[in-house]
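Below you'll find the structure, written out as structure tokens, and then a few comments.
Each value in this text was obtained by applying a stated rule to the coordinates, not by laboratory testing. These numbers were taken from a predicted model, which means no experiment stands behind them. Here the Cβ positions follow ideal geometry from the backbone for every residue, glycine too, while neighbour counts run over all protein chains shown.
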Amino acid sequence: MRLTTKGRYAVTAMLDLAYHSERQGPVTLTDIAKRQHISLSYLEQLFARLRRAGMVEGVRGPGGGYQLSRETSQINIAEIICAVDETIDSTRCGGKANCQNAHPCLTHDLWMGLSEQIRQYLASISLADVISRKSVRQVAERQDSHLEQPITLTPELNPVLEFRA
């Protein structure tokens with residue numbers, strides 16, 4: 001199975017959204033981008049797809065951002081991956097059974113079976129399942145603490161500007 005950065009980033013962003021929205025309400029894509037080191041423009045593309053799939057909704061105005069449109073227990077990892085147009089497929093033929101001269105290869109059924117096992121596994125795990133893991137919460141807290149650290153400016157980084165009239 002090849003899971004590209006699109007699928008990985010979508011799952012990561014949804015986990016970040018799930019974790020932070022339970023504490024603070026709507027979450028901005030800028031905040032997710034900073035915490036997860038994902039390009040803001042890339043997140044905008046992913047969230048447009050997640051919104052069309054009915055997993056997130058935008059909240060306008062001050063304090064706005066994105067929030068989940070369903071409970072964390074009602075959104076599974078396989079859904080997120082599929083929502084951003086990723087396939088969960090271990091075959092070389094994309095599941096079309098045309099691997100060898102328009103026919104299935106010797107191992108086609110083996111890889112199709114693996115793909116189905118992976119799909120079932122990811123479908124059995126909800127955002128709530130992942131967020132409830134102690135290790136995941138510790139990572140999220142570490143990411144938050146890194147963003148909250150004040151930046152100390154030294155004279156080299158904070159030059160005095162002279163203004164002349």
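To test your reading of the geometry: what angle, between 0 and 90 degrees and rounded to tens, separates the Cα axis of helix 5-24 from the longest principal axis of the chain?
50
Given a Förster distance of 22 angstrom, what is the FRET efficiency for S41 paired with T4, based on the Cβ-Cβ distance and rounded to 0.05?
Efficiency, from the Cβ-Cβ distance: 0.85.
Net charge within 13 Å of S126 by Cβ-Cβ distance, Lys/Arg positive one each and Asp/Glu negative one each, not counting S126 itself? All intermediate terms of the calculation are to be shown ahead of the outcome.
On the way: positive: R70, R133; negative: E71, E79, D129.
With Lys, Arg at +1 and Asp, Glu at -1, the neighbours total -1.
What ³J(HN,Hα) values, in whole Hz, does the Karplus curve 6.51 cos²θ - 1.76 cosθ + 1.60 give for segment 92-107 when θ = phi - 60°, with x put for Gly and Pro?
Going residue by residue, I get 7, 9, x, x, 8, 6, 10, 5, 9, 6, 6, 10, x, 7, 4, 9 Hz, with x marking Gly and Pro.
Run the helix sum for the chain: -39,500 (n - 2.57) per DSSP H stretch of 4+ residues, divided by residue count, reported at 222 nm to the nearest 500 deg cm²/dmol. Walk me through the numbers before you get to the answer.
Values: 7 runs with 84 residues, N = 165.
Rounded to the nearest 500, it is -16000 deg cm²/dmol.
Using 0.36 nm per residue, how much length does the chain from N98 to S69 gain when fully extended, once their Cα-Cα distance is taken away?
Numbers: separation 29, 0.36 × 29 = 10.44 nm, distance 3.88 nm.
Computed gain between N98 and S69 is 6.6 nm.
Fully extended, how many nm does the chain gain between S145 and S124 (0.36 nm per residue separation, minus their Cα-Cα distance)? Present the calculation step by step, with values, prior to reporting the outcome.
On the way: separation 21, 0.36 × 21 = 7.56 nm, distance 3.12 nm.
So the extension gain works out to 4.4 nm.
Running a GNM on the chain with Cα contacts under 10 Å, which residue among E116, E57, E79 ends up with the highest mean-square fluctuation?
The residue that fluctuates most here is E116.
Calculate the FRET efficiency for K34 and L114 from the Cβ-Cβ distance with a Förster distance of 41 Å, rounded to the nearest 0.05. Spell out each step's value before the answer.
Values: r = 36 Å, r/R0 = 0.89.
It comes out at approximately 0.65.
Taking the Cβ of R49 as the center, what net charge do the other residues with Cβ under 15 Å away carry, scoring Lys and Arg +1 and Asp and Glu -1? Intermediate values should be presented prior to the final figure.
Values: positive: K6, R8, R51, R52; negative: E44, E57, E79, D85, E86.
Here the charged neighbours net out to -1.
Relative contact order (percent) for the chain, with alpha-carbon contacts under 8 angstrom and 6 or more residues of separation? Intermediate values should be presented prior to the final figure.
Details: 174 pairs, mean separation 41.9, N = 165.
Over the chain, the number comes to 25 percent.
How would V130, V56, V84 line up from fewest to most surrounding beta-carbon atoms within 10 angstrom?
By the 10 Å Cβ count, ascending, the order reads V130, V84, V56.
Give me the angle, in degrees from 0 to 90, between the Cα long axis of helix 108-123 and the longest principal axis of the Cα atoms of the chain, rounded to the nearest 10.
Once rounded, the angle reads 40 degrees.
Could you give the length gained on full extension between E22 and R60, defined as 0.36 nm per residue of separation minus the Cα-Cα distance, in nm?
Values: separation 38, 0.36 × 38 = 13.68 nm, distance 1.79 nm.
Stretched fully, the E22-R60 segment lengthens by 11.9 nm.
Sticking with the crude label model, points 7 Å out along Cα→Cβ, report the distance from S135 to A53 in nm, one decimal please.
Computed distance between label sites S135 and A53 equals 2.4 nm.
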